[in-house]
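Peer 1: Here's a structure for you.
The values are calculated or read from the model by the stated rules, or taken from the named source; none is laboratory data. A quick note: this is a predicted structure, and the numbers were derived from the prediction, not measured. Cβ placement follows ideal geometry from the backbone for every residue including glycine, while neighbour counts extend to all protein chains displayed. Only protein heavy atoms, including side chains, enter the accessible area calculation; ligands, DNA and RNA are left aside. Shrake-Rupley method; radii C 1.70, N 1.55, O 1.52, S 1.80 Å.
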Amino acid sequence: MTVHQAVAIPDSEYVRLETILTNSIVPPAPLKQRFRALFTLKSVKSNRAVDIIARGFADPSVLLRHELAYVLGQMKNPHAIPILNNVLATLSEDPMVRHEAAEALGAIGQESSLEILEKYRTLEQESSRVVRETVELAIERIQYELTKAKTPPGNTDCDNNGGYTSIDPAPALEFAAKTESDVAHIKAMSTKEVGAVLMDVSLPLFQRYKAMFALRNRGDKEAVLELAKGFADDSALFRHEIAYVFGQMQHEASVPSLITTLENETEDTMVRHEAAEALGSIATPECFAVLEKYKGEGVPQVVKESCLIGLDMAEFEVSGEFQYAEKIETVV
Ligand SMILES: [Fe+2]
Ligand SMILES: [Fe+2]
């Protein structure tokens, strides 16, 4: 398991980042600057950074709150667990935010989180399918990590995911293989065959996610086209993850399906949000154009804000800057 390693930054930097993130400056910082402050805190990884991020949950923006939960999971600092438990347990919170809290608990990967996750897997008052499916995945992920920890070191690392730096909700097929012959078998599978696993609704979601990340790691146009079929799935959670993976792959072949998704007014806003941000990270001229089109009035708040963030991500992509974050001083 990857251990979080904090970066030392001066006190004044913590104060500055907190001021930006929690919007306590006049005039308020634009959302894009607050996102960049959040990503800086993510790279700092300390308990103090976690505590500052936790204060952001009072913000009215669903988009920001869901991103706070996502970042807390990616930091992999167990100090965030009680904060995430609280978000998951708040039934009045937006499902997109609660989903991200459950996924973050899975990413941190502590056995002690199984109890609360199990509770929301079976809770009768749990009306959100997105939350229930996320909880199921988070349980599977933790159990996977636990069994892996008991076996001798192999090629099973959930955090070692084909060069991508994210902590994913499931390991790619090839990393989850238990024996050398399984590894050889998966490598020999055609992209179409991996795509068939992705779309096999008789399989548990965790298994289909493994195929999703295997396709991401293959990374070519054929893999993109197999993944795009996932937008026809009836799970909004599954569709939003396809869009997320497209954002990571930054492959132009995914742009048409992402634009269709963003423009589809009957699509779940969580999926449209993820499509907008993926378009932002691909950053071709047509990505800029569609994000411009949906950043204004008459668009659901979370989609509109995602377009604004997507535009900022796209500007970052074309700027050649080193890191999507606020610049900070570190203590040496
Ligand atoms: Fe998500
Ligand atoms: Fe998201």
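Peer 1: Only one of these is within 25 Å of Ser24 (Cα to Cα), out of contact with any Cys (no Cβ under 7 Å at 6 or more places or on another chain), open to solvent by less than 10 Å² (accessible area, probe 1.4 Å) and of a type in the set (A, V, I, L, M): Leu117, Leu64. Name it.
Peer 2: Residue meeting the stated conditions: Leu64.
Peer 1: So which helices (runs of 4 or more DSSP H) are wholly in segment 219-293 and hold at least 1 residues that are within 13 Å of ligand 1 (Cβ to nearest atom) and open to solvent by less than 50 Å² (accessible area, probe 1.4 Å)?
Peer 2: Per the criteria, 236-249, 269-282.
Peer 1: Next up: From Ser166, Ser128, which residue is within 16 Å of ligand 2 (Cβ to nearest atom), at pLDDT below 95, hydroxyl-bearing (Ser, Thr, Tyr) and within 18 Å of Ala243 (Cα to Cα)?
Peer 2: Result: Ser166 is the single residue among Ser166, Ser128 that is within 16 Å of ligand 2 (Cβ to nearest atom), at pLDDT below 95, hydroxyl-bearing (Ser, Thr, Tyr) and within 18 Å of Ala243 (Cα to Cα).
Peer 1: Tell me, please, whether a residue that is more than 15 Å from Ala138 (Cα to Cα), open to solvent by 30 Å² or more (accessible area, probe 1.4 Å) and either in a helix (DSSP H, G or I) or within 16 Å of ligand 1 (Cβ to nearest atom) (or both) can be found in segment 95-104.
Peer 2: yes
Peer 1: Considering each of Ala276, Ala283 in turn, give the residue that is out of contact with any Gly (no Cβ under 7 Å at 6 or more places or on another chain) and either under 25 Å from Ser166 (Cα atoms) or assigned by TED's automatic domain parsing to the domain that holds Arg36 (or both).
Peer 2: Details: Ala276 fails: out of contact with any Gly (no Cβ under 7 Å at 6 or more places or on another chain).
Going through Ala276, Ala283 in turn, just one is out of contact with any Gly (no Cβ under 7 Å at 6 or more places or on another chain) and either under 25 Å from Ser166 (Cα atoms) or assigned by TED's automatic domain parsing to the domain that holds Arg36 (or both): Ala283.
Peer 1: Pick from segment 308-326 the residues that are within 14 Å of ligand 2 (Cβ to nearest atom) and free of Cβ contacts under 8 Å to residues at least 40 places away in the same chain: which of them is nearest to Val255 (Cα to Cα)?
Peer 2: Gly310
Peer 1: Can you tell me which of Val97, Val50 is at pLDDT 95 or above and more than 13 Å from ligand 2 (Cβ to nearest atom)?
Peer 2: After applying the criteria, what remains is Val50.
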